[in-house]
Amino acid sequence: AAMVQKYQSPVRVYKHPFELIMAAYERRFPTCPLIPMFVASDTVNEYKSEDEAIHVIERRCKLDIDAPRLLKKIAGVDYVYFVQKNSLNRRERTLHIEAYNETFSNRVIINEHCCYTVHPDNEDWTCFEQSASLDIKSFFGFESTVEKIAMKQYTSNIKKGKEIIEYYLKQLEEEGITFVPRWTPPVACKLESSTSHPRRPVSPAINIPDSATKEGLNNKEILNTSSSPSEPTAGTPDDKLDADYIKRYLGDLTPMQESCLIRLRQWLQETHKGKIPKDEHILRFLRARDFNIDKAREILCQSLTWRKQHQVDYILDTWNPPQVLQDYYAGGWHHHDKDGRPLYVLRLGQMDTKGLVRALGEEALLRYVLSINEEGLRRCEENTKVFGRPISSWTCLVDLEGLNMRHLWRPGVKALLRIIEVVEANYPETLGRLLILRAPRVFPVLWTLVSPFIDDNTRKKFLIYAGNDYQGPGGLLDYIDKEIIPDFLGGECMCEVPEGGLVPKSLYRTAEELENEDIKLWTETIYQSASVFKGAPHEVLIQIVDASSVITWDFDVCKGDIVFNIFHSKRAPQPPKKDSLGAHSITSPGGNNVQLIDKVWQLGRDYSMVESPLICKEGESVQGSHVTRWPGFYILQWKFHSMPACAATNLPRVDDVLASLQVSSHKCKVMYYTEVIGSEDFRGSMTSLESSHSGFSQLSAATTSSSQSHSSSMISR
């Protein structure tokens with residue numbers, strides 16, 4: 001089940017005539033000091049035509065492969081032999097090279113084809129192309145090792161190929177050889193030949209009519225008009241990528257990466273109906289799948305289908321965003337970063353995501369984000385031209401100043417996730433860097449919800465700054481020039497990005513039913529439900545190993561009023577006893593209810609309270625986070641909120657539970673979700689996340705509700 005590895009090179013252009021390149025090439029034989037593994041070569045067969053236009057030579061080459069000694073021992077050989085057959089046609093000015101392995105030919109099949117031809121646009125230039133395939137049938141159980149060795153050797157030789165020709169060209173020049181005359185027919189038949197064949201460059205497999213040459217058409221036009229049916233692959237040079245173009249517009253690629261790009265592009269040209277994406281876009285899909293050509297082809301094809309279905313190619317020219325978006329969507333393009341990447345600024349904290357979703361629905365919002373991405377692709381292309389180097393991604397600066405619970409409105413978050421998903425699938429590798437500034441205390445919750453949907457490659461490009469960290473060392477100035485830092489971040493540059501602000505309710509569409517459905521769908525996925533009884537709180541254990549982690553929570557009080565607490569303990573609580581649950585688990589299926597805090601534990605001795613209690617009323621939605629100061633065990637607790645008047649009744653727990661079964665008003669219901677985020681996701685801004693909020697000062701419950709921005713939990717009513 002071995003895979004056949006294939007390689008296809010770009011076109012390499014030498015700005016020298018074919019004959020001079022041949023003189024340089026000949027010097028590689030019989031041995032070449034620049035290729036140490038090429039130990040020797042012997043001529044096995046040779047043929048020359050009478051007029052010397054055709055010269056075929058077959059050599060047996062001896063290679064000393066750089067492989068582990070053990071492998072050589074197992075294989076029982078020191079050298080590997082290849083047969084190389086070169087066919088030179090001086091009349092047509094072409095050299096074709098075929099090579100295959102003689103050693104182990106029943107186990108491993110290696111085929112290589114190279115050709116030197118005249119450049120179609122300039123008869124004094126020479127083109128070189130090479131393709132190869134490697135098929136390992138069996139190799140004493142070392143198939144994958146052999147494949148790796150072969151690929152490594154092969155790619156290093158590809159790189160050397162150009163150096164070798166240049167080395168010998170220089171040698172020729174030092175010897176005073178800068179011109180090698182073209183082949184001319186022997187005198188005997190010279191007269192007759194020159195009348196019918198004016199001297200002209202000949203491209204392989206394309207017969208150029210004499211009349212065309214006399215009329216002085218340039219080669220390219222001829223190539224386009226008279227593409228010969230005998231060889232469909234010889235098209236215009238526009239169909240092929242040359243090495244210099246790749247370096248200038250696409251970047252430094254390894255030979256295998258170039259090969260993947262060329263093969264995927266060729267496959268698209270042959271099979272894809274409709275518009276073929278630009279080279280840099282094909283390359284993004286390859287990068288997104290680590291140059292696994294099959295995986296990349298799959299996601300690229302899905303994306304092309306998607307583009308066609310949604311007419312994405314025409315979005316910039318034909319779609320006008322609704323006025324609401326132009327007024328209230330707080331994002332826009334703003335110059336470029338220090339690397340020349342287009343810069344997109346998003347003032348997410350100032351944006352009323354809830355209002356936008358309610359006024360527009362998810363579709364229009366998604367379409368708008370797509371138009372931003374399409375504009376991004378256009379700007380990358382533009383900047384690649386302007387800066388003289390490949391720029392294939394943009395930088396996004398997100399300002400979270402003003403972020404609050406409105407942003408965590410679930411249908412809003414759901415819309416955001418869907419948008420992220422569509423963008424990840426169709427614009428891979430377009431985000432060069434994401435700078436998140438002024439992250440507030442509630443940010444970890446949003447991050448927890450969103451980060452699982454973001455590709456790991458992309459996530460590595462996030463830099464998160466809390467408070468005013470971005471003004472310090474390692475901050476914004478490392479990535480963006482001082483002159484273009486926007487005014488709202490304390491810079492001098494006027495930024496045209498809309499201010500955002502609340503979308504007037506008069507613009508809302510009535511979609512209450514739809515919204516409720518949305519919430520239902522969303523809560524079913526990640527939220528758990530719990531029952532809370534008088535005297536029987538529900539408790540969740542979170543074990544923290546790394547002192548500065550963030551515990552995040554997000555819950556809805558579906559029924560009754562509760563008090564929410566978070567405690568810390570150095571010792572592990574005993575696992576909950578089954579019998580205490582037995583009493584009411586029969587009557588409330590799925591109402592999960594667990595007690596962890598031992599009755600004998602004392603607050604202040606065995607465990608401590610790390611946030612002040614929060615009273616939450618029925619119907620409220622609460623989100624929050626806690627930056628852990630110590631490792632150990634944290635317990636989140638949802639407790640029945642009883643009126644002070646009833647505090648006198650001092651029933652033991654079990655009776656209490658039994659009593660609660662008769663009176664349903666003693667039962668509360670909570671839907672909750674919690675997660676721990678490691679500090680490494682915050683790139684050193686944990687401390688400011690902590691210090692910029694006084695969540696630790698033991699605020700009384702009253703203060704908690706009045707200064708909501710400072711408490712660790714926030715309630716959206």
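So here's what we get for this one:
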quantity	calculated
Those residues of region 69-88 which are buried (at least 18 other Cβ atoms within 10 Å of the Cβ), out of contact with any His (no Cβ under 6 Å at 6 or more places or on another chain) and closer than 24 Å to TYR116 by Cβ, in sequence order	PHE82, GLN84, ASN86
Residues that are touching a helix residue (DSSP H, G or I) at 6+ places or on another chain (Cβ under 9 Å) and touching a residue at least 40 places away in the same chain (Cβ under 8 Å), drawn from region 110-121	ILE110, TYR116, THR117, VAL118, HIS119, PRO120, ASP121
Among the candidates THR31, THR43, residue that is closer than 20 Å to ILE158 by Cβ and free of Cβ contacts under 8 Å to residues at least 24 places away in the same chain	THR31
Selection count where residues are farther than 13 Å from ILE276 by Cβ and either surrounded by 16 or more Cβ atoms within 10 Å (Cβ to Cβ) or touching a residue at least 24 places away in the same chain (Cβ under 8 Å) (or both), scope region 301-313	4
Top-ranked residue of region 20-38 - restricted to ones that are surrounded by 14 or more Cβ atoms within 10 Å (Cβ to Cβ) and aliphatic (A, V, I, L, M), ranked as farthest from GLN171 (Cα to Cα)	MET37
VAL345, sole failed condition from (1) part of a helix (DSSP H, G or I); (2) outside the structural domain of LYS275 (by the TED database); (3) among the β-branched types (Val, Ile, Thr)	(1)
Condition check for LYS137: open to solvent by 40 Å² or more (accessible area, probe 1.4 Å) and in contact with a helix residue (DSSP H, G or I) (Cβ under 9 Å, 6 or more places away or on another chain)	yes
Search result, residues across region 250-268 that are without any contact (Cβ under 8 Å) to a residue 60 or more places away in the chain and among the hydrophobic types (A, V, I, L, M, F, W, C)	LEU253, CYS260, LEU261, LEU264, TRP267, LEU268
Tally, over region 269-300, of residues that are part of a helix (DSSP H, G or I) and in contact (Cβ under 8 Å) with a residue 24 or more places away in the chain	15
Scope region 419-442; condition open to solvent by less than 10 Å² (accessible area, probe 1.4 Å), closer than 17 Å to MET351 by Cβ and not in a strand (DSSP E or B); matching residues	VAL442
Selection count, region 371-418, where residues are open to solvent by 30 Å² or more (accessible area, probe 1.4 Å), within 20 Å of the chain's Cα centre (by Cα) and over 26 Å from LEU489 (Cα atoms)	5
Output for region 145-161, where each listed residue is out of contact with any helix residue (DSSP H, G or I) (no Cβ under 8 Å at 6 or more places or on another chain) and open to solvent by 70 Å² or more (accessible area, probe 1.4 Å)	LYS148, LYS152
Which numbered condition GLU52 misses (of (1) surrounded by fewer than 18 Cβ atoms within 10 Å (Cβ to Cβ); (2) part of a strand (DSSP E or B); (3) in contact (Cβ under 8 Å) with a residue 40 or more places away in the chain)	(2)
Test: LYS599 is under 20 Å from ASP556 (Cβ atoms), open to solvent by 70 Å² or more (accessible area, probe 1.4 Å) and out of contact with any Gly (no Cβ under 7 Å at 6 or more places or on another chain)	no
Among the residues listed as SER211, SER203, SER227, the single one being under 24 Å from PRO17 (Cβ atoms) and either crowded, with 19+ Cβ neighbours inside 10 Å or modelled with pLDDT under 90 (or both)	SER203
Test for LEU446: is it open to solvent by 40 Å² or more (accessible area, probe 1.4 Å), farther than 24 Å from SER393 by Cα and either among the hydrophobic types (A, V, I, L, M, F, W, C) or within 26 Å of the chain's Cα centre (by Cα) (or both)	no
Check on ILE372, in contact with a Gly (Cβ under 8 Å, 6 or more places away or on another chain) and either in a helix (DSSP H, G or I) or at positive phi (or both)	yes
Those residues of region 314-326 which are exposed (fewer than 10 other Cβ atoms within 10 Å of the Cβ) and more than 28 Å from the chain's Cα centre (by Cα), in sequence order	THR318, ASN320, GLN323
Cross-chain or 6+ apart pairs with Cβ under 9 Å, region 628-650 first and within 16 Å of PHE533 (Cα to Cα), then surrounded by fewer than 14 Cβ atoms within 10 Å (Cβ to Cβ) and modelled with pLDDT of 80 or more	HIS641/LYS617
Region 89-99, residues that are surrounded by 16 or more Cβ atoms within 10 Å (Cβ to Cβ), assigned to a strand (DSSP E or B) and of a type outside the set (Val, Ile, Thr)	ASN89, LEU95, HIS96, ALA99
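Yes/no per residue for (1) modelled with pLDDT under 95; (2) part of a loop (DSSP other than H, G, I, E, B); (3) among the hydroxyl-bearing types (Ser, Thr, Tyr):
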position: ALA2; (1), (2), (3): yes, yes, no
position: GLN5; (1), (2), (3): yes, no, no
position: PRO33; (1), (2), (3): yes, yes, no
position: VAL39; (1), (2), (3): yes, no, no
position: ARG59; (1), (2), (3): no, no, no
position: VAL83; (1), (2), (3): no, no, no
position: ASN86; (1), (2), (3): no, no, no
position: ILE109; (1), (2), (3): yes, no, no
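The values are calculated or read from the model by the stated rules, or taken from the named source; none is laboratory data. As the structure is a computational prediction, the values presented were derived from the model and not from experiment. All Cβ positions, even for glycine, are placed from backbone atoms using ideal geometry, and neighbour counts span all protein chains on display. Calculation scope for accessible area: heavy atoms of the full protein, side chains included, ligands and nucleic acids excluded. Shrake-Rupley method; radii C 1.70, N 1.55, O 1.52, S 1.80 Å.
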